[in-house]
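Below: one structure, written as structure tokens.
The values are calculated or read from the model by the stated rules, or taken from the named source; none is laboratory data. As the structure is a prediction and not an experimental result, all values here were calculated from the model. Virtual Cβ from ideal backbone geometry, glycine too; neighbours counted across all protein chains shown.
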Amino acid sequence: MIELNLPRLHLAQLPTPLEEAPRLSAALGGPRIFFKRDDLTGVGLGGNKARKLEFLMGRATSGEFDTLVVCGGFQSNLARIAAAMGNRLGLKVVLVLGGEPGESRSPVGNLLLDHLYGATVHLVDTVPRWDFGTTVEDVAADLRRKGSRPLVLPLGGSGPEGIAAYVKATEELLAQLRVLGARPSHLYVAVGSGGTYAGLSLGALDGGAPYRVMGISVSRTREYLLQQLPLISSHAAEALRLPRCPTEADLDIEDAYVGSGYGVLTPGCRDAIQLVASTEGVLLDPVYSGKTMHALIDHVRTGRITADETVVFLHTGGWPALFAYDPVSLGIGTVSAAQGGPQ
């Protein structure tokens, strides 16, 4: 067991289930597929950010801070869960949410929940989407001038604490796989800011996992990620005192499923969402898990993953973002009275 000497608040519902998806597997003609259901972490409607925030909240409640400053996109999952956790812990939550000019800022999906949780929300134009310039620090500085003591969380929660969360999640997953007697060849996961992927890669390397971690980018290029991920992994490994750290050769990253941009629904993502909903009754989101499932389906259909293999799909959550998308774009037409039931 990897010991991490970091403060942590146990707020999420863990361990999350590891569920087999036999109907999806049958629809694809194999392989054996397991879902690691990190969409079921509970707090704030769940998702992978809850694990990261357990460690980040450990620092936030040290007595040094009274406010959280969180940045992300307009439909940020980190912002949603941080707002919920902050309320439970008596912390003020200030969100700095960015998107490209002209992008909808309607209070729907995650953004609706941010407002219901009572967070202070600043909406700003960001190009590219993850470049906030000095805005976040300006907001924090203004809070300090007004007497608050803010803790600024890293984008995506992807500092050493957030990465630590998925080192520990790997231990949880490996224990579940041992009980099932399963030895998967690959673990598929979405890559945004890279913290979840880095934690899973560190955990796999230091924990002797039988699988390779396949990261599916939802925003940035493979070249950029292969430059940055070894750096953040090395920094985290040093901070967490882990003996081994992945090099570029250890990293499997795909960027062929981004489409025209972050959060832009692709036909393959739409089809993946529909297939998983209709076979397993599980909801995927259009930003992260839908594009990652599109990659897995494509890899099966093109023979990169064979029918006799076993794979794990890490469901990172984020399904509230479904409600920010036009139903037609998701392949849903007008529902007639007969389809809708008695009137």
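Results for (1) surrounded by fewer than 21 Cβ atoms within 10 Å (Cβ to Cβ); (2) within 21 Å of the chain's Cα centre (by Cα), shown as yes or no for each residue.
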{"residue": "258", "(1), (2)": "yes, yes"}
{"residue": "266", "(1), (2)": "yes, yes"}
{"residue": "269", "(1), (2)": "no, yes"}
{"residue": "283", "(1), (2)": "yes, yes"}
{"residue": "293", "(1), (2)": "no, yes"}
{"residue": "296", "(1), (2)": "no, yes"}
{"residue": "306", "(1), (2)": "yes, no"}
{"residue": "326", "(1), (2)": "yes, no"}
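Going by the conditions given, is residue 249 modelled with pLDDT under 95 and over 18 Å from the mean Cα position of the chain (by Cα)?
Yes.
The single residue among 143, 151, 173 that is surrounded by 24 or more Cβ atoms within 10 Å (Cβ to Cβ) and in contact (Cβ under 8 Å) with a residue 24 or more places away in the chain turns out to be 173. Residue 6 satisfies every condition listed in (1) farther than 30 Å from residue 107 by Cα; (2) without any contact (Cβ under 8 Å) to a residue 60 or more places away in the chain except (2).
Of all residues in segment 160-206, those being in contact with a helix residue (DSSP H, G or I) (Cβ under 9 Å, 6 or more places away or on another chain) and assigned to a helix (DSSP H, G or I) number 26.
The single condition among (1) buried (at least 23 other Cβ atoms within 10 Å of the Cβ); (2) touching a strand residue (DSSP E or B) at 6+ places or on another chain (Cβ under 8 Å); (3) not in a helix (DSSP H, G or I) that residue 82 does not satisfy is (3).
The residue that is nearest to residue 298 (Cα to Cα), among those in segment 228-240 that are touching a residue at least 40 places away in the same chain (Cβ under 8 Å) and surrounded by fewer than 19 Cβ atoms within 10 Å (Cβ to Cβ), is 235.
Screening 136, 69, 94 for residues that are in contact with a Cys (Cβ under 7 Å, 6 or more places away or on another chain), of a type in the set (A, V, I, L, M) and either modelled with pLDDT of 95 or more or not assigned by TED's automatic domain parsing to the domain that holds residue 57 (or both) leaves exactly one candidate, 136.
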